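What follows draws every value from the coordinates through simple rules; no lab data is involved. Note that the structure is a prediction, hence the values are computed from the model and not measured. Every residue, glycine as well, gets a Cβ built from its backbone with ideal geometry; the counts of neighbours run over all protein chains shown.
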Amino acid sequence: MKTLNELDMNERLQLMEETAKAFSGTSQQHDEDVTFPFENFQALKDIGYPQLSIPSEYGGGGITLRELMKHQEIIAKYDGATALSIGWHMGIIMDLGEKKTWDDAKYRKVVQDVIENGALINNLATEPATGSPTRGGRPETTARKEGDKWILNGRKTFATLSPILKYGVVSASIEGSDEVGNFLVDSNLKGVRVDETWNSVAMRASGSHDFIMEDVHVQEEDLVSYRTLGKKDPAGWLLHIPACYLGIARAAQDSALEFATTYSPNSIKGTISELPNVQEKLGRIEMLLMESEHFLYSVARQWDESDEEERSRMSSELGAVKTSIVNKAVEAVDLAMRVVGAKSLSADNEMQRYYRNVRAGLHNPPMDDMVIIGLAKSSIGRVESKQNEKQKI
């Protein structure tokens, strides 16, 4: 079998489509049993997907953000939990390579593991007491310096990918200072364990358990970065979140269309797809997803074509994409369920899984209120800037 690195973009997308189709066959069972789809990740490793977003200068595929979003949408169409989970790895490993946030030797060591072994990485920052890290709470996880080692203790929640995670980038408060450091933690280290707590009604197969550290010793150089307070740099890779929920909404649309074009109750001639009230719902779904697709991929292309300075001004666009698409996806799935009717609530119907999974996007970063307030401040700032210019004249 050829890997993605050996193909052109259209061939890569086709191979992803062929690979991800198999995920739909087990997604319901994994959802019901709250089990992790190890076979999906093995299939993605077999085609070389984990390395595809590593910049080419480090030996990876060096794909664009726009292409990455295409792959993520395809995966999500067949299994939303798998898409969201692998999306964190794909985006983080791309972002670190582009921004060169870490020491170069440390990054090269990790990506070599990704290329050779399919190792996966994720940021682990959420905690029971602090909630989402985007709200700025100080971690209760601690890092204590002892000689040339750091000793970590703490619990991270929502540790997506935890059953298969090789590396966790763990935020921890550094004892004796006000600083918060990000530490690279190998899951094979002594004192690391996964507490299988995940029992959410959404994204049940994402393996988002608790990641526990009890006197975990890491090297001095495993302090890879520090958390900076205040405004964060725009992160194009976080578009994997709306791409995931767009894919789920596409799956719901396909399911509704299949039902509408085949269901023919004896009260009518033909199928319900010929009824105006059903067509109105299907049309609204199509418009919602059409708007979402154009928004997502136009901003992804803008990111790909922008330099560092231009990217630094894209926070508003990136946040708006996530908020707009996730809310449109939620609405689209709701409309799809209305087309299918009460049958969509059957535990055997895939539609109820789409409904539960798509709502998880409302709780992924950035949060709607922060995005909307940020857009308001941006628009107010434009007016104030014009007013100041007038006063100068």
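Quick one: length gained pulling Asp104 to Met9 fully straight, 0.36 nm per residue minus the C-alpha distance? Mind dumping the intermediate values first?
Working: separation 95, 0.36 × 95 = 34.20 nm, distance 2.81 nm.
Here the segment from Asp104 to Met9 would lengthen by 31.4 nm.
Could you give the nm distance between label points at Glu310 and Asp369, where each point is 7 Å from its Cα heading toward the beta carbon?
3.5 nm
Just subtract the alpha-carbon distance of Glu331 and Glu291 from 0.36 nm times their residue separation and send over the number in nm, one decimal. Present the calculation step by step, with values, prior to reporting the outcome.
On the way: separation 40, 0.36 × 40 = 14.40 nm, distance 1.28 nm.
Contour length minus Cα-Cα distance gives 13.1 nm.
Hey, how many Å between the Cα centroid of segment 283-349 and the Cα centroid of segment 45-98?
Between the Cα centre of segment 283-349 and that of segment 45-98, the gap is 19 Å.
With r as the distance between the Cβ atoms of Thr261 and Thr26 and R0 = 35 Å, compute the FRET efficiency 1/(1 + (r/R0)^6) and round to 0.05. Mind showing how you got there, number by number?
Working: r = 26 Å, r/R0 = 0.75.
With a Förster radius of 35 Å, E is 0.85.
Put a dot 7 Å past each Cα toward the Cβ at Lys2 and Lys343; how far apart are the dots in nm?
If labels sit at Lys343 and Lys2, their model points lie 4.0 nm apart.
Could you run the Karplus curve 6.51 cos²θ - 1.76 cosθ + 1.60 with θ = phi - 60° over segment 384-393 and give me ³J(HN,Hα) per residue in whole Hz, x for Gly and Pro?
With the stated coefficients, segment 384-393 comes to 4, 5, 5, 5, 5, 5, 5, 5, 5, 6 Hz.
Across 5 Å bins from 0, what is the distribution of all Cα-Cα pair distances for segment 200-288, in whole percents?
For segment 200-288, the pair-distance distribution reads 2, 9, 11, 12, 11, 12, 11, 7, 6, 5, 5, 4, 3, 2, 0.
Taking θ as phi - 60°, what are the ³J(HN,Hα) couplings along segment 35-52 by the Karplus curve (6.51, -1.76, 1.60), each to the nearest whole Hz, with x for Gly and Pro?
Rounded to whole hertz, the list is 10, 8, x, 3, 5, 5, 6, 5, 5, 5, 5, 4, 9, x, 5, x, 9, 5.
Can you work out D for the chain in µm² s⁻¹ from Stokes-Einstein, where Rh is the Kirkwood radius over C-alpha pairs, the temperature is 10 °C and the viscosity is 1.306 mPa s?
Values: Rh = 22.3 Å.
It comes out at roughly 71 µm²/s.
Using the Cβ atoms and a cut-off under 15 Å, what net charge is assigned to the surroundings of Ser324, where Lys and Arg are +1 and Asp and Glu are -1? Please list the in-between numbers first.
Numbers: positive: Lys322, Lys328; negative: Glu291, Glu293, Glu317, Glu331, Asp368, Asp369.
That sum, taken over residues with Cβ under 15 Å, equals -4.
Extension gain Leu275-Glu389, at 0.36 nm per residue separation less the Cα-Cα distance, in nm? If you can, show how the numbers build up before the last one.
On the way: separation 114, 0.36 × 114 = 41.04 nm, distance 5.67 nm.
Roughly 35.4 nm would be gained on extension.
Once the principal axes of the Cα atoms of segment 344-393 are found, what is the range along each, listed largest first in whole angstroms?
68, 17, 9
Relative contact order, percent, of the chain when contacts are C-alpha pairs under 8 Å separated by at least 6 residues? The partial results should precede the final answer.
On the way: 659 pairs, mean separation 63.0, N = 393.
It comes to 16 percent, rounded to a whole number.
Work through the residues other than Arg193 whose Cβ is under 14 Å from its Cβ and net out their charges, Lys, Arg +1 and Asp, Glu -1.
Value of the local net charge: -3.
If one computes P(r) from the Cα atoms of segment 236-379, what percent of pairs lie at distances over 26 Å?
So the portion of pairs separated by more than 26 Å is 33 percent.
Based on the Cβ-Cβ distance of Ala376 and Glu140, what FRET efficiency does E = 1/(1 + (r/R0)^6) give at R0 = 35 Å, to the nearest 0.05?
Values: r = 33 Å, r/R0 = 0.93.
The formula returns an efficiency of 0.60 here.
If amide H atoms are built 1.01 Å from N in the plane of the peptide, which residues on other chains or at least 5 residues away come under 5 Å of the amide H of Leu52?
Residues meeting the amide H criterion: Gly61.
Under a cut-off of 16 Å between alpha-carbon atoms, report the lysines in cross-link reach of Lys190, not counting same-chain residues fewer than 8 places apart.
Cross-link targets: Lys149, Lys166.
Using θ = phi - 60° and the Karplus curve 6.51 cos²θ - 1.76 cosθ + 1.60, what whole-Hz ³J(HN,Hα) does each residue of segment 318-329 get, with Gly and Pro shown as x?
After applying 6.51 cos²θ - 1.76 cosθ + 1.60, I find 5, x, 5, 4, 4, 4, 5, 5, 4, 5, 5, 5 Hz.
Taking the alpha carbon gyration tensor of segment 131-273, what are the square roots of 5 times its eigenvalues, largest first, to the nearest whole Å? Before the final figure, lay out the partial values.
Working: eigenvalues 406, 61, 28 Å².
Three semi-axes, in Å: 45, 17, 12.
In units of 2.2 N^0.38 Å, what is the alpha-carbon radius of gyration of segment 1-142? Could the numbers behind the result be given before it?
Working: Rg = 16.1 Å, N = 142, 2.2 N^0.38 = 14.5 Å.
Compared with the compact-globule rule of thumb, segment 1-142 sits at 1.12.
Using the structure shown, list the pairs from Lys21/Lys156; Lys2/Lys328; Lys269/Lys343; Lys21/Lys70; Lys21/Lys109 with a Cα-Cα distance above 25 Å, or answer none.
On the way: Lys21/Lys156 32 Å; Lys2/Lys328 36 Å; Lys269/Lys343 21 Å; Lys21/Lys70 15 Å; Lys21/Lys109 33 Å.
Over 25 Å apart, Cα to Cα: Lys21/Lys156; Lys2/Lys328; Lys21/Lys109.
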